[in-house]
1. Restricting to segment 432-455, give me the number of residues that are in a helix (DSSP H, G or I) and more than 16 Å from residue 256 (Cβ to Cβ).
2. Go through (1) in a strand (DSSP E or B); (2) modelled with pLDDT under 80 one by one and return the number of the condition residue 488 breaks.
3. Consider segment 149-193. How many of its residues are under 14 Å from residue 56 (Cα atoms), surrounded by fewer than 21 Cβ atoms within 10 Å (Cβ to Cβ) and of a type in the set (A, V, I, L, M, F, W, C)?
4. What number of residues in segment 281-303 are closer than 24 Å to residue 190 by Cβ and either of a type outside the set (Ser, Thr, Tyr) or within 13 Å of the chain's Cα centre (by Cα) (or both)?
5. Taking residue 462 as meeting all but one of (1) buried (at least 17 other Cβ atoms within 10 Å of the Cβ); (2) part of a loop (DSSP other than H, G, I, E, B); (3) in contact with a helix residue (DSSP H, G or I) (Cβ under 7 Å, 6 or more places away or on another chain), write down the number of the exception.
6. Answer yes or no as to whether residue 93 is assigned by TED's automatic domain parsing to the domain that holds residue 152 and either within 17 Å of residue 60 (Cα to Cα) or among the basic types (Lys, Arg) (or both).
7. I want to confirm something. Restricting to segment 76-103 and keeping residues that are of a type in the set (Asp, Glu) and over 19 Å from residue 51 (Cα atoms), which single residue is farthest from the chain's Cα centre (by Cα)?
8. Do the conditions hold for residue 367, that is, is it free of Cβ contacts under 8 Å to residues at least 24 places away in the same chain, part of a helix (DSSP H, G or I) and within 15 Å of residue 413 (Cα to Cα)?
Amino acid sequence: MVTDPEGKPIMATAEQPLTLAGVENLLSAFAGIAEDLGLEAVLERVIAAACQLVDARFGALGVIGADRMLSHFITVGLENEEIRRIGPLPTGHGVLGLLIDEPRPLRLSDLREHPLAYGFPAHHPQMMSFLGVPIRIHDRVFGNLYLTEKNGGEDFSDTDEQLVIALASAAGVAIENSRLFDEANRRTRWLEGGLNAARELLGQHDGASDDLELLAAHALGASQSMLAVVLRDFGQRRGLICEAADGIEVDTLLGRQIHDESILENLPAALSPVLLSGDEVVEVLPGVSRGTVGSALCSKLPGEGDTRFLLVARAPAATPFSDVDHEMMRAFASHVSLALELLRVHRQREQEAVFGDRDRIARDLHDLVIQRLFAAGLSIQSLRKHTSHPEALERISAVTAELDATIRELRDTIYSLRSVPQNTPTFTSSIFSMVAEAFDGSDLEPILQLSGPLDSVDGERADHVRAVLFEALSNALRHAGAHAITVTLRVVRKRLELKVADDGRGFEQSGRSSGLANMKRRAELCAGTVAITSDLGEGTEICLSIPLASWQDS
């Protein structure tokens, strides 16, 4: 027996009895909408089944959003070109809005004559007969089925209405099952993405790839988004920087610094993700073209040190972020943040082990080697009383002087082997600060692109790299007349590579510049190279390359 949503049997009218063919068509429609668990597929099958069931030319299903307007509007019977020519899809006004406000079946002989009917937009096909039925999931109205233009020019009958009510009842069950299935899939994707990200982060101690790039790549897949970025808050009113990005417009976003402090008001202060509109995303990420992003989720990444944010964005036509996405993004952020913290602690312990070895070597040099050299020098000096030969005395003086020079060099080596203080800022933080200070007061906006395990760089090499960067930025800001300056710093294949490029006026290389000579000298001290390319009117590019293998392996 076929029943309505309240469980009452559907009775055919005397005018138009419910035939066996009608029951068979209804059962066939039930089977059709249950063939697929995907929510989008189920919604399309519901509309197609309803049109076939009552012989309607056009059909649509409007999903009611949280704002009581239509968040989705799926149609059947219109070609893509027709949809494009009609323009924006309805959002829930007029007769369609009446079904949202008063969710009960509605039949009209001529849709145009209803008091709430709006004029059809240009290029809209003619629609007269109308049948609207709400789709309920438990006690909540999920959306409405809209059917128009019954073939043959007839009106929709009471039997048609009862059949569509029965179909809507079954559709509610199918949609709820699809929704639960979709939520389970979303949870699985988020969990797998977080676990895979944590596994890869903890498995690449050798710095084979950049930690934040891995995070962004897995967040992009887990959230099924078009863009994922990691933002870092400088603190001290220095704005944000895009440290890592994956998806669309990566080259535009990566390394871009945002100075506007007001955007922090749109970002989460606690660990719960916040939903951003497309316009708010453009304010947070000025490199994103307006209209490209529909909405985004932004979550604060827990952990020590500088504040970081993870933002994932979807296209305007994509599935909106749900409560499940909010919940699972917070779990994802917790998983990857824990992995990053464990990786940081692991690297810190490795660094402390290296410092411990340096301290031990320094003590051995001081307590054993230097003392023995000093004793050997005293013994050689004592030979003076056993000879008066000028050549022998000269030889003794030369050996003694050589031993004194060796002892001084060993003392310098011991000093350089001492551990750096634990509160020393990381190499990355020092680079951020240097770039921010260099551009302070300038109208130019720096583009800073970092990748690889840069914080493993320290000691004299880090000092030389900072000196070269400072010299390059000073020259570009003072003399280049540039509109854009890009700083790229990365560790790849056990080499540190620094590139500073500007689009300024360039210069003719004469080889007399003390600044350029200083950069070359610092590169040589690190067993590296520096290449300077500049043409008049074409800008300047300075590339520094330093090997890290021998130093890091020592």
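1. 6
2. (2)
3. 0
4. Taking segment 281-303 as the starting set, the residues that turn out to be closer than 24 Å to residue 190 by Cβ are 281, 284-285, 288, 292-303.
Now restrict to residues that are either of a type outside the set (Ser, Thr, Tyr) or within 13 Å of the chain's Cα centre (by Cα) (or both): 281, 284-285, 288, 293-294, 296-303.
Number of matching residues: 14.
5. (2)
6. Details: assigned by TED's automatic domain parsing to the domain that holds residue 152: yes; either within 17 Å of residue 60 (Cα to Cα) or among the basic types (Lys, Arg) (or both): yes.
Taking the combined requirement at face value, the residue satisfies it.
7. Here is the first cut: in segment 76-103, the ones of a type in the set (Asp, Glu) are 79, 81-82, 101-102.
Retained after the next criterion (residues that are over 19 Å from residue 51 (Cα atoms)): 81, 101-102.
Working: 81: 34, 101: 39, 102: 42 Å.
In this case the residue turns out to be 102.
8. Numbers: free of Cβ contacts under 8 Å to residues at least 24 places away in the same chain: yes; part of a helix (DSSP H, G or I): yes; within 15 Å of residue 413 (Cα to Cα): yes.
Criteria met by residue 367.
The values are calculated or read from the model by the stated rules, or taken from the named source; none is laboratory data. Fair warning: this is a prediction, and the values are worked out from it, not measured in the lab. Neighbour counts are summed over all protein chains in view; Cβ atoms, including those assigned to glycine, are modelled from backbone coordinates with ideal geometry.
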